[in-house]
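A.B. asks: Below you will find the structure I want to go over with you.
The values are calculated or read from the model by the stated rules, or taken from the named source; none is laboratory data. Since the structure is predicted, the reported quantities are computational estimates derived from the model, not experimental observations. Every residue, glycine as well, gets a Cβ built from its backbone with ideal geometry; the counts of neighbours run over all protein chains shown. Areas reflect the complete protein model, heavy atoms only, side chains present, ligands, DNA and RNA absent. Shrake-Rupley method; radii C 1.70, N 1.55, O 1.52, S 1.80 Å.
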Amino acid sequence: MAALDIRQIPVLKDNFIYLAREPKSGAVAVVDPAVAAPVLAQAQRLGWRITHILNTHHHSDHVGGNMEIKAATGCVIVGPAHDPDRIPGIEIALKDGDTFDLGQARAEVFFVPGHTRGHIAYWFQGSNALFCGDTLFSIGCGRLFEGTAQQMWASLSRLRALPAATKIYCAHEYTESNIRFALTVDPDNAALRNRAAEVKALRQAGRYSVPSLMGDERTANPFLRADAPEIAAAVGMTGRDAVEVFAEVRRRKDVF
Ligand code: ZN
Ligand code: FE
């Protein structure tokens, strides 16, 4: 099994683009290129030849660089089968349960609607890497622009079941503000407090809080804990269904 060499490119205000190279074949994927120039520059510096673009969803801060990178490299554009009309240049359309091989590294595809109606995530099991776009963030989750709370809770519940060592390569550095909110609905959670201290130290050192680990998110991220009694109690919904609790927590974050 060939593990990916993954590089993080911060762009715009708080976006991350990822470059992932499979060493045996030399195949290189760009995940969610918001823009093209920094990606092409970094690939050139590394001596990496971009062979694919992997898109998680159609928002411009995830596909904005597609056509320019394709024009410069001739790479193949891969994205969600549920949303082909909104992914510029899409050639390979993936649906839930499909696999995608980047050289010898295999990704399993999850359909994770909620943030948008077509959103997918790529899980490279052999590299413990999850590229989840704007579905799951560290201590947060994406806004419900096109999906329901029920869909998003189902999507997050599937991601939550991945191995604890899974690294979450999400598309934004939102963690500090997510933590400020999370402490309002889960103030006594020691895992959350630990994560808060860790992130504060990372950010003060000028480092990113992404990727985080699924094992930490499972215990510290309130959006993965809508079925925990403490969260229901904190929002005054003891005994209610996880979907309803999730919807309320998400609603509160929207106006935080
Ligand atoms: Zn988005
Ligand atoms: Fe985004």
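A.B. asks: Identify, by number, the condition in (1) away from ligand 2 (no atom under 14 Å from the Cβ); (2) under 15 Å from the mean Cα position of the chain (by Cα) that I69 doesn't meet.
C.D. replies: All conditions are met except number (2).
A.B. asks: Spot the failing condition for R86; the list is (1) within 15 Å of ligand 1 (Cβ to nearest atom); (2) over 24 Å from Y208 (Cβ atoms); (3) out of contact with any Ser or Thr (no Cβ under 9 Å at 6 or more places or on another chain), and only one is missed.
C.D. replies: (3)
Conditions tested, residue by residue: (1) closer than 26 Å to Q8 by Cα; (2) within 15 Å of ligand 1 (Cβ to nearest atom); (3) at pLDDT 95 or above.
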| site | (1), (2), (3) |
| --- | --- |
| S138 | yes, no, yes |
| G142 | yes, yes, yes |
| Q150 | no, no, yes |
| W153 | no, no, yes |
| L159 | yes, no, yes |
| T166 | yes, no, yes |
| Y169 | yes, yes, yes |
| I179 | yes, no, yes |
| D186 | no, no, yes |
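Residue by residue, here is whether (1) farther than 21 Å from G114 by Cα; (2) small (G, A, S); (3) outside any strand (DSSP E or B) holds:
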{"residue": "L162", "(1), (2), (3)": "no, no, yes"}
{"residue": "T184", "(1), (2), (3)": "yes, no, yes"}
{"residue": "E198", "(1), (2), (3)": "yes, no, yes"}
{"residue": "D216", "(1), (2), (3)": "yes, no, yes"}
{"residue": "T219", "(1), (2), (3)": "yes, no, yes"}
{"residue": "A233", "(1), (2), (3)": "yes, yes, yes"}
{"residue": "G239", "(1), (2), (3)": "yes, yes, yes"}
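A.B. asks: Could I ask something else about it? Could you tell me which residue of region 116-136 is farthest from ligand 1 (Cβ to nearest atom), considering only residues that are open to solvent by 10 Å² or more (accessible area, probe 1.4 Å) and part of a loop (DSSP other than H, G, I, E, B)? Before the answer, list the steps.
C.D. replies: Residues of region 116-136 that are open to solvent by 10 Å² or more (accessible area, probe 1.4 Å), as a first pass: 117, 123, 125-128.
With part of a loop (DSSP other than H, G, I, E, B) added as a condition, the list becomes 117, 128.
Values: R117: 12, N128: 24 Å.
Only one residue fits best here, namely N128.
A.B. asks: Right, something else. Checking A107 against (1) more than 19 Å from S25 (Cβ to Cβ); (2) part of a strand (DSSP E or B); (3) among the hydrophobic types (A, V, I, L, M, F, W, C), only one condition comes out false. Which one?
C.D. replies: (1)
A.B. asks: Another question, then. For the structure I just gave you, tell me whether S155 is outside any strand (DSSP E or B), more than 16 Å from G215 (Cα to Cα) and open to solvent by 40 Å² or more (accessible area, probe 1.4 Å).
C.D. replies: Working: outside any strand (DSSP E or B): yes; more than 16 Å from G215 (Cα to Cα): yes; open to solvent by 40 Å² or more (accessible area, probe 1.4 Å): no.
Here the answer is no, as S155 does not meet what is asked.
Yes or no, residue by residue, for (1) at pLDDT 95 or above; (2) surrounded by fewer than 20 Cβ atoms within 10 Å (Cβ to Cβ); (3) more than 17 Å from the chain's Cα centre (by Cα):
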site	(1), (2), (3)
I17	yes, no, no
V31	yes, no, no
P38	yes, yes, yes
Q44	yes, yes, yes
I50	yes, no, yes
N55	yes, no, no
H58	yes, no, no
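A.B. asks: Sticking with this structure for a sec: Among what's in region 217-234 and is in contact (Cβ under 8 Å) with a residue 60 or more places away in the chain and closer than 19 Å to Y169 by Cβ, pick the residue that is surrounded by the fewest Cβ atoms within 10 Å (Cβ to Cβ).
C.D. replies: From region 217-234, those in contact (Cβ under 8 Å) with a residue 60 or more places away in the chain are 217, 220-224, 226; that's our starting set.
The next check asks that each one be closer than 19 Å to Y169 by Cβ; those that pass are 217, 220-221, 223-224.
Numbers: E217: 28, A220: 25, N221: 28, F223: 25, L224: 23.
Within region 217-234, the match that is surrounded by the fewest Cβ atoms within 10 Å (Cβ to Cβ) is L224.
A.B. asks: I would also like to ask the following. Within region 169-191, how many residues turn out to be closer than 21 Å to V255 by Cα and either away from ligand 2 (no atom under 16 Å from the Cβ) or open to solvent by less than 30 Å² (accessible area, probe 1.4 Å) (or both)?
C.D. replies: Step one: filter region 169-191 for residues closer than 21 Å to V255 by Cα, giving 172-187.
The next check asks that each one be either away from ligand 2 (no atom under 16 Å from the Cβ) or open to solvent by less than 30 Å² (accessible area, probe 1.4 Å) (or both); those that pass are 172-173, 175-176, 178-187.
Qualifying residue count, region 169-191: 14.
A.B. asks: Hey, another quick one. Can you tell me which residue in region 137-152 is nearest to M214 (Cα to Cα), limited to those that are more than 11 Å from the chain's Cα centre (by Cα), of a type outside the set (D, E, K, R) and not in a helix (DSSP H, G or I)? Steps first, please.
C.D. replies: In the first step, residues of region 137-152 are kept if they are more than 11 Å from the chain's Cα centre (by Cα); the result is 139, 143-152.
Okay, now just the ones that are also of a type outside the set (D, E, K, R), so 139, 144-145, 147-152.
With the extra rule that they be not in a helix (DSSP H, G or I), the set shrinks to 139, 144-145, 147-148.
Numbers: I139: 11, L144: 21, F145: 24, G147: 23, T148: 23 Å.
Ranking the candidates gives I139 first.
A.B. asks: Looking only at residues in region 128-165 that are over 21 Å from K95 (Cα atoms) and in contact with a strand residue (DSSP E or B) (Cβ under 6 Å, 6 or more places away or on another chain), which one is farthest from ligand 2 (Cβ to nearest atom)?
C.D. replies: Within region 128-165, the match that is farthest from ligand 2 (Cβ to nearest atom) is S138.
A.B. asks: In the list G79, G97, which residue meets the criterion of being away from ligand 2 (no atom under 16 Å from the Cβ) and either closer than 18 Å to M152 by Cα or of a type outside the set (F, W, Y) (or both)? Please lay out each step first, then the result.
C.D. replies: On the way: G79 fails: away from ligand 2 (no atom under 16 Å from the Cβ).
None of the other options fit; the residue is G97.
Per-residue answers, yes or no, for (1) assigned to a strand (DSSP E or B); (2) under 23 Å from I168 (Cα atoms):
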| site | (1), (2) |
| --- | --- |
| I17 | yes, yes |
| A41 | no, no |
| I50 | no, yes |
| I53 | yes, yes |
| H58 | no, yes |
| M67 | no, no |
| V78 | yes, yes |
| I90 | no, no |
| F100 | yes, yes |
